[in-house]
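Heads up: the structure comes next, in structure tokens.
The values are calculated or read from the model by the stated rules, or taken from the named source; none is laboratory data. Model, not experiment: these values are computed from the prediction. Reconstructed Cβ throughout: ideal geometry from the backbone, glycine too, with neighbour counts over all protein chains shown.
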Amino acid sequence: MKQSKNKEILEELQSVLKGNTLDAIFPPLLFTLLNAWFSLPIAFFGALSLASGTTLIRMLNKQKGVYAIGGVIGVAIAGGFALLVNNATNFFLPGIISNLFLLLVMLVSLMIGKPLAALASHLTRGWTMSWFWRKDIKPAYTEVTLMWLFLFVLRSSLQIYLFLQNSINNWLG
């Protein structure tokens, strides 16, 4: 039982590392580093170039580019906020807003008895929704959604605090 659990965790970790997660991590990280070392415009164009390059590579490899295209749009919007007011911290404002939106969606999903974790699992695994609503399965997805909710409250609180402190070069990135 323990070995199968470890194998399952390893498979999940591999799917994250092979998937779109890294596409979402590297542009903001590059933005933060380039802003610290150079300037806001260089940070913006560096992050946008990385996101665009990732999209191009995905499309050339005939992979789904939907998330990568969304990443390019996200970097463009975030960078636009930062450039508009000449404040690099605003690059993170769209992410903070989306975190707060997801937090609200999790709350609503729990209130209506349809935990968001079940929907997310349905989208990634493709299993029928009726399986997720079974009485023996649904409580686990409710617990996972509650854990997500807790983590998003912590994350959003920290992000808002750092945003208000204008702490991009210290911690926000």
| task | Would you please list the contacts, defined by Cβ atoms under 9 Å and residues six or more apart or on different chains, that run from a residue in the stretch 60-84 that is free of Cβ contacts under 8 Å to residues at least 12 places away in the same chain and over 17 Å from F26 (Cβ atoms) to a residue that is β-branched (V, I, T) and buried (at least 17 other Cβ atoms within 10 Å of the Cβ)? | result | none
| task | Among what's in the stretch 64-74 and is loosely packed, with under 14 Cβ neighbours inside 10 Å and modelled with pLDDT under 85, pick the residue that is farthest from L93 (Cα to Cα). | result | K64
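A quick yes/no check of all residues on (1) polar (S, T, N, Q); (2) surrounded by 15 or more Cβ atoms within 10 Å (Cβ to Cβ); (3) part of a helix (DSSP H, G or I):
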{"position": "S109", "(1), (2), (3)": "yes, yes, yes"}
{"position": "S121", "(1), (2), (3)": "yes, yes, yes"}
{"position": "W131", "(1), (2), (3)": "no, no, yes"}
{"position": "P139", "(1), (2), (3)": "no, no, yes"}
{"position": "E143", "(1), (2), (3)": "no, no, yes"}
{"position": "L146", "(1), (2), (3)": "no, no, yes"}
{"position": "S157", "(1), (2), (3)": "yes, no, yes"}
{"position": "Y161", "(1), (2), (3)": "no, no, yes"}
| query | Which condition number in (1) among the hydrophobic types (A, V, I, L, M, F, W, C); (2) assigned to a helix (DSSP H, G or I); (3) surrounded by fewer than 16 Cβ atoms within 10 Å (Cβ to Cβ) is the one that W127 fails? | reply | (2)
| said: With the structure loaded, tell me whether L102 is touching a helix residue (DSSP H, G or I) at 6+ places or on another chain (Cβ under 8 Å), outside the structural domain of G79 (by TED's automatic domain parsing), under 30 Å from L40 (Cβ atoms) and at pLDDT 90 or above or whether it fails that test. | reply: yes
| task | Starting from residues that are surrounded by fewer than 13 Cβ atoms within 10 Å (Cβ to Cβ) and among the polar types (S, T, N, Q), keep the ones in the stretch 34-62 and report whichever is nearest to T89 (Cα to Cα). | result | S39
| request: Mind counting the residues in the stretch 59-90 that are part of a loop (DSSP other than H, G, I, E, B) and either aromatic (F, W, Y) or under 22 Å from L162 (Cα atoms) (or both)? | output: 2
| field | Candidates L154, L83 - the one that is closer than 30 Å to T55 by Cβ and out of contact with any Lys or Arg (no Cβ under 6 Å at 6 or more places or on another chain) | value | L83
